[in-house]
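S.K.: Encoded as structure tokens, here's the structure I'll be asking about.
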Amino acid sequence: MSFNTITQFENTIAEYYGSKYAVATDCCTHAIELCLRLQDIKTSSSPKHTYVSVPMTLKKLNIEWQWKDEQWQDYYYLSNTNIIDAAVLWKEQSYISGTNMCLSFQFRKHLGLGRGGMILLDNKEDRDQLVRMSYDGRDRDVLWAEQKIYTMGYHYYMTPETAAAGIEKFNKVKDIAPRTVDYTDYPDLSLLPIFN
């Protein structure tokens, strides 16, 4: 198995959502983190009702952030960014131009692979940088021992095995209507002790 499988899966998802490019990651949280790092975001916010790893990531990166009351459905923007948490979005041609839209393939999602994420975008330079960031600062098409590494990497890449499972499962679920998910599916995280 090779990284060609990952590229094939990225191309499949990019075509479905309507983005020029896609970068596969090991999970949606890490996709969001890579986008925050790429853009060197200093301030943002998190909805009170979302997955707990989103505000934890903001804390982890020492981003100055606050809660926001948002009645979102299918996706939401992280404030002061073009980053979209679209972990629960499954809709053909739904990519929003000029954004970094982060998807999840966690086991409960429409295309559930157990684990995995994707960043949809239309900027090739950002795409190339995000690939390197997700893969220990390396390019996927050159043996790592033969590379001079200039980019800080985070070991957040999707494995070829997960990508192969995604390719196989995609055609089984692509035309099935997804369950609608919104903010009411999540508890109020601002009440958790970890954030107080």
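S.K.: Taking the conditions exactly as written (assigned to a helix (DSSP H, G or I), in contact with a strand residue (DSSP E or B) (Cβ under 8 Å, 6 or more places away or on another chain) and modelled with pLDDT of 95 or more), does G166 satisfy them or not?
M.R.: For G166, the condition - assigned to a helix (DSSP H, G or I), in contact with a strand residue (DSSP E or B) (Cβ under 8 Å, 6 or more places away or on another chain) and modelled with pLDDT of 95 or more - is met.
S.K.: Within the group L103, L111, L120, which residue is surrounded by 18 or more Cβ atoms within 10 Å (Cβ to Cβ) and either assigned to a loop (DSSP other than H, G, I, E, B) or among the basic types (K, R) (or both)?
M.R.: L111
S.K.: Something else now. Restricting attention to the stretch 141-179, and to residues there that are among the hydroxyl-bearing types (S, T, Y) and over 19 Å from the mean Cα position of the chain (by Cα), which single residue is surrounded by the most Cβ atoms within 10 Å (Cβ to Cβ)?
M.R.: Among residues in the stretch 141-179 that are among the hydroxyl-bearing types (S, T, Y) and over 19 Å from the mean Cα position of the chain (by Cα), the one surrounded by the most Cβ atoms within 10 Å (Cβ to Cβ) is T151.
Residue by residue, here is whether (1) under 22 Å from G114 (Cβ atoms); (2) assigned to a helix (DSSP H, G or I); (3) over 16 Å from the mean Cα position of the chain (by Cα); (4) free of Cβ contacts under 8 Å to residues at least 12 places away in the same chain holds:
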| residue | (1), (2), (3), (4) |
| --- | --- |
| F9 | yes, yes, no, no |
| Y16 | yes, yes, no, no |
| S19 | no, no, no, no |
| V23 | yes, no, no, no |
| A31 | yes, yes, no, no |
| L34 | yes, yes, no, no |
| L38 | no, yes, no, no |
| S46 | no, no, no, no |
| P55 | no, yes, no, no |
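S.K.: Identify, by number, the condition in (1) within 30 Å of L192 (Cα to Cα); (2) over 15 Å from the mean Cα position of the chain (by Cα); (3) charged (D, E, K, R) that R115 doesn't meet.
M.R.: Of (1) within 30 Å of L192 (Cα to Cα); (2) over 15 Å from the mean Cα position of the chain (by Cα); (3) charged (D, E, K, R), only one is false for R115: (2).
The values are calculated or read from the model by the stated rules, or taken from the named source; none is laboratory data. This is a predicted model, so every value here is computed, not measured. Counting neighbours? That spans all protein chains shown, and the Cβs are built from the backbone with ideal geometry, glycine included.
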